[in-house]
Amino acid sequence: MNLFDPLILPNGSTINNRIAKAAMEENMADADQAPSADLLRLYQAWADGGAGLIITGNVMVDGRAMTGPGGVVLQDEQQLAKFKRWAQVGRAGGAQFWLQINHPGRQMQANLGQQTWAPSAVAMDLGTLSKHFSRPQAMTAEMIAEVIQRFARTARLGEQAGFTGVEIHAAHGYLLSQFLSPLSNQRTDAWGGSLENRARLLLDIVKAVRAVVSREFAVAVKLNSADFQRGGFTADDAKQVVEWLNDLGVDLVELSGGSYEAPAMQGDARDGRTLAREAYFVEFAHDIQTVARMPVMVTGGIRRRPVAESVVHSGVDMVGIGTALAIDPQLPRAWLEGKDTAPELPPITWKNKAFASLANMALVKFQLRKLSQRKQPDPGVSPLRALIEQQLANALRTRQYRRWIAKRSA
């Protein structure tokens, strides 16, 4: 396989090459928590850049459950026209365009003013930052049933809007990942205990989504290769979950890793493992591929063409690229032309790992804001400046979100 070979998915549709714009959380919703003009300009840049697949940042299935205050919500038809425009923009260059659909569970900031849900009432462990997250409410059977239906409804609306697929987010410590992990899932009912029970929510959501969309509409799953926390979701667990997904009409599995508590997706893991500077999760992908009957995509740190090529040559079906495309949205086109462009953000060496992780995310979002304003990214910006600007923007968007939720409640 080569980087610019097409990939035919199990549903019969084709992705033009093996490069995917991986999901990054933009937090650029408008006052209705719908796609804004800034967000459309950002995706226009990626649509022009030549990636075969574009995956959105988090699209929330429940407006009361947000990964960030500026998140986009698709839970009913009220803002469907804006999503249709977003789909048109993202597909303009010939790429497949998928919604990443998500529920944060306990990974929702307390200042958004909403009760957080989780498999069990286990609080986040983020040291001094833990106070920013409320202790969650253990979900009832009715809550679980509601979440399943919300994922299905959002997927159906996404197809109506013109997207070509959805990616169900079951990684990075969000709700479905919380159910998979024995650290956050301490239930003793049918939704906890054994891996089969802990995986039940993800599998039921995949079934519910596949039942309400067309066969040609792609259904993908983003899964942690591991949690990188002792006693958490393991690589062997991931392998078994993929075996169960084989029979459910899944068109692609994307492998990542970590959570807010152990941000391995940024190249850092609490258990002390040394991850490669690029292609963090390739070794896991090769192991997963021994059982997967659907294409496998690996995301995490890829920024150089020789690395991307080596990943594909090794048998991994697709490479997902995030940060490098925040710096240079034209990267796939440049690689196709034979250029060895390799965008990079300077490493953050702060001693406080939690603040370093926040600063790293702020640096990425700084580049996204530049692109959304049709300006050149600035990878050399001070991490402290980016973090302060991001915190100010979050404060404004938090007030905007609380006004929106109050209006809907009224």
- Task: Name, by its number, the condition in (1) within 27 Å of PHE179 (Cα to Cα); (2) under 20 Å from the mean Cα position of the chain (by Cα); (3) open to solvent by less than 10 Å² (accessible area, probe 1.4 Å) that does not hold for TRP117.
- Result: (3)
- Task: Could you grab the pairs with beta carbons closer than 9 Å, sequence gap of 6+ or different chains, first residue in the stretch 23-36 and touching a residue at least 12 places away in the same chain (Cβ under 8 Å) and in a loop (DSSP other than H, G, I, E, B), second one open to solvent by 20 Å² or more (accessible area, probe 1.4 Å) and of a type in the set (Phe, Trp, Tyr)?
- Result: ALA31/TRP404; ASP32/TRP404; GLN33/TRP404
- SER314 fails exactly one of the following numbered conditions: (1) within 30 Å of PRO10 (Cβ to Cβ); (2) open to solvent by less than 20 Å² (accessible area, probe 1.4 Å). What is the number of that condition? (2)
- Query: So which helices (runs of 4 or more DSSP H) are wholly in the stretch 295-410 and hold at least 2 residues that are modelled with pLDDT under 95?
  - Reply: 305-313, 353-372, 383-409
- Task: Filter the stretch 1-12 down to the residues that are open to solvent by 30 Å² or more (accessible area, probe 1.4 Å) and either out of contact with any strand residue (DSSP E or B) (no Cβ under 7 Å at 6 or more places or on another chain) or in contact (Cβ under 8 Å) with a residue 60 or more places away in the chain (or both), then identify the one that is farthest from ALA362 (Cα to Cα).
- Result: GLY12
- Selection from the stretch 182-199 of residues that are surrounded by fewer than 19 Cβ atoms within 10 Å (Cβ to Cβ) and part of a helix (DSSP H, G or I): LEU195, GLU196, ASN197
- Note on the structure: The one condition ALA211 fails out of (1) open to solvent by 10 Å² or more (accessible area, probe 1.4 Å); (2) within 20 Å of ILE15 (Cβ to Cβ); (3) assigned to a helix (DSSP H, G or I) is (2)
- Message: Consider the stretch 1-52. How many of its residues are on the phi > 0 side of the Ramachandran plot and under 17 Å from the mean Cα position of the chain (by Cα)?
- Response: 1
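Go through the stretch 120-133 and report how many residues are touching a strand residue (DSSP E or B) at 6+ places or on another chain (Cβ under 9 Å) and open to solvent by less than 40 Å² (accessible area, probe 1.4 Å).
Filtering the stretch 120-133 down to residues touching a strand residue (DSSP E or B) at 6+ places or on another chain (Cβ under 9 Å) leaves 120-124, 126, 132-133.
Retained after the next criterion (residues that are open to solvent by less than 40 Å² (accessible area, probe 1.4 Å)): 120, 122-124, 126, 133.
Of the residues in the stretch 120-133, 6 are touching a strand residue (DSSP E or B) at 6+ places or on another chain (Cβ under 9 Å) and open to solvent by less than 40 Å² (accessible area, probe 1.4 Å).
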- How many residues, within the stretch 140-181, are more than 24 Å from GLN240 (Cβ to Cβ), part of a loop (DSSP other than H, G, I, E, B) and open to solvent by less than 40 Å² (accessible area, probe 1.4 Å)? 3
- Message: Under 8 Å between Cβ atoms, which residue pairs at least 6 apart in sequence (or on different chains) link something in the stretch 322-345 that is under 17 Å from ARG369 (Cα atoms) with a partner that is open to solvent by less than 30 Å² (accessible area, probe 1.4 Å) and of a type in the set (D, E, K, R)?
- Response: GLY322/LYS21; LEU325/LYS21
- Restricting the stretch 92-114 to residues that are under 19 Å from the mean Cα position of the chain (by Cα) and not in a loop (DSSP other than H, G, I, E, B), which is modelled with the lowest pLDDT? GLN109
- Out of the residues in the stretch 37-64 that are in a loop (DSSP other than H, G, I, E, B) and out of contact with any Ser or Thr (no Cβ under 8 Å at 6 or more places or on another chain), which is nearest to GLY158 (Cα to Cα)? ASP62
- Query: Can you name the number of the only condition in (1) among the hydrophobic types (A, V, I, L, M, F, W, C); (2) modelled with pLDDT of 95 or more; (3) within 21 Å of LEU7 (Cα to Cα) that TRP244 fails?
  - Reply: (3)
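Let's see how each residue does on (1) within 30 Å of LEU7 (Cα to Cα); (2) surrounded by fewer than 24 Cβ atoms within 10 Å (Cβ to Cβ); (3) touching a Cys at 6+ places or on another chain (Cβ under 7 Å); (4) of a type in the set (Ser, Thr, Tyr):
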| residue | (1), (2), (3), (4) |
| --- | --- |
| GLY50 | yes, yes, no, no |
| THR56 | yes, no, no, yes |
| VAL59 | yes, no, no, no |
| ALA65 | no, no, no, no |
| LEU74 | yes, no, no, no |
| GLN78 | no, yes, no, no |
| LYS84 | yes, yes, no, no |
| GLY90 | yes, no, no, no |
- Item | Among residues of the stretch 94-114, those that are buried (at least 19 other Cβ atoms within 10 Å of the Cβ) and more than 24 Å from ILE405 (Cβ to Cβ), counted | 4
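The values are calculated or read from the model by the stated rules, or taken from the named source; none is laboratory data. Predicted model, so just to flag it, every value in this text is computed and none were measured. A quick note on method: Cβ atoms are made from the backbone with ideal geometry, for glycine too, and the neighbour counts reach across all protein chains shown. Note: areas computed on protein heavy atoms with side chains; ligands, DNA, RNA excluded. Shrake-Rupley method; radii C 1.70, N 1.55, O 1.52, S 1.80 Å.
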